[in-house]
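Structure first, commentary second.
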Amino acid sequence: MEETGAMDPHDNDNLELIRRFIDEALEQGKLDVVDEIFAENFAYHRNADPTLSGGRARYKEGLRRSHASWPDRKVTVTHLACDGDYVVARIESYATHQGVYQGIARTGRPVMWVTTGIFQFAEGRITEAWVSEDALSILQQLGAVTVHQPDTPPAAPPVRF
Amino acid sequence: MDDSPTQKNLILLRRFLTEVLEGGNLDLVDELFAENFAYHRNTKPPLAGGRERYKERMRRLRAAWPDRRDTVTHMFGADDYVAVRVESYATHQGPIYGIPATGRPVMWVTNGIFQLAEGRITEAWVSEDTFAMLQQMDVVAIRPQAELAAPQTPDGF
């Protein structure tokens, strides 16, 4: 894990836990750390998807699949800061596509993507996270997506008063 | 309410979200953003051309989503930075990402980090899911695996 330009001189334990999560879970795939730093009923929100049901166990399963897709993932932390119980992190991930991702079989292609996440803490554990990342750029780098023109003619704009 | 720098930054960000993004008051961009403002969206290179170019982008966004409504679910400050999470709801009424108006309702989430100096926004890093937006416009498809190139073995593996 490389860290460039950490934002907050008022470092705290929560920031350190996020660093461990990135280093151990995201980069190395050592998922034991998840049980240590996430609450059991952890709620995960990614983009506009519905909240992941199943808490920490289900999230851990997702991380396991993600690590199988991107086993050599390396992360650069460009921003990391906190305000009380909330932490924001912006990371750049670099990985080779080596396992099924979104139904797409291994392509062996190198991919780079950006994630910005907000994490809420209570009693030293992450209880909820809201993560945003551009799935389109990942799929484009895999050469696995087609954008086409609308099938239906453009709708007339509504009358403006 | 205190008048700390962080509090002032939060008030400024709130004006940007309410008056520019929702309200379409593009003149306010000159007041809220530094002239050499640097905008980073997803994995794209920073937008060249500073505030003027960003304003032009805002104008196009406004034409694409004229009825945009935002819900700010998170906003907090740390030193010179403000972090925000916004849920946006809008009808697709003008060209965006090369797609002409579809008239469809679209919802998307944006996580952004804004850096401020001397009462203006100097740089912003924004993550949002373009794929979900295109899915809701019904203009995107994941290619069948058969069409993909055969798996390659990267060097060194």
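For the residues B:Leu61, B:Leu47, B:Leu116, the requirement of being crowded, with 20+ Cβ neighbours inside 10 Å and more than 10 Å from chain A (Cβ to nearest Cβ) singles out B:Leu116.
Taking the criterion of being in a strand (DSSP E or B) and facing chain B (nearest Cβ under 7 Å), the residues of the range A:118-146 that qualify are A:Ile118, A:Trp130, A:Ser132, A:Glu133, A:Val145, A:Thr146. Scanning the range A:88-104 for residues that are at the interface with chain B (Cβ under 7 Å from one of its Cβ atoms) and either in a strand (DSSP E or B) or surrounded by 15 or more Cβ atoms within 10 Å (Cβ to Cβ) (or both) yields A:Val88, A:Arg90, A:Thr96, A:Ile104.
Yes/no per residue for (1) of a type in the set (Phe, Trp, Tyr); (2) touching a helix residue (DSSP H, G or I) at 6+ places or on another chain (Cβ under 7 Å); (3) assigned to a strand (DSSP E or B); (4) at pLDDT 95 or above:
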residue: B:Ala38; (1), (2), (3), (4): no, no, yes, yes
residue: B:Val86; (1), (2), (3), (4): no, yes, yes, yes
residue: B:Gly103; (1), (2), (3), (4): no, no, no, yes
residue: B:Gly112; (1), (2), (3), (4): no, no, yes, yes
residue: B:Ala146; (1), (2), (3), (4): no, no, no, no
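Among residues that are surrounded by 21 or more Cβ atoms within 10 Å (Cβ to Cβ), at pLDDT 95 or above and under 25 Å from B:Ala132 (Cα atoms), A:Phe38 is not included. The range A:1-87 holds helices (runs of 4 or more DSSP H) entirely within its bounds, and those carrying 1 or more residues that are touching a residue at least 60 places away in the same chain (Cβ under 8 Å), under 22 Å from B:Arg85 (Cβ atoms) and within 14 Å of chain B (Cβ to nearest Cβ) map to A:13-20.
The values are calculated or read from the model by the stated rules, or taken from the named source; none is laboratory data. Remember, predicted model here, so these are calculated numbers, not experimental data. Reconstructed Cβ throughout: ideal geometry from the backbone, glycine too, with neighbour counts over all protein chains shown.
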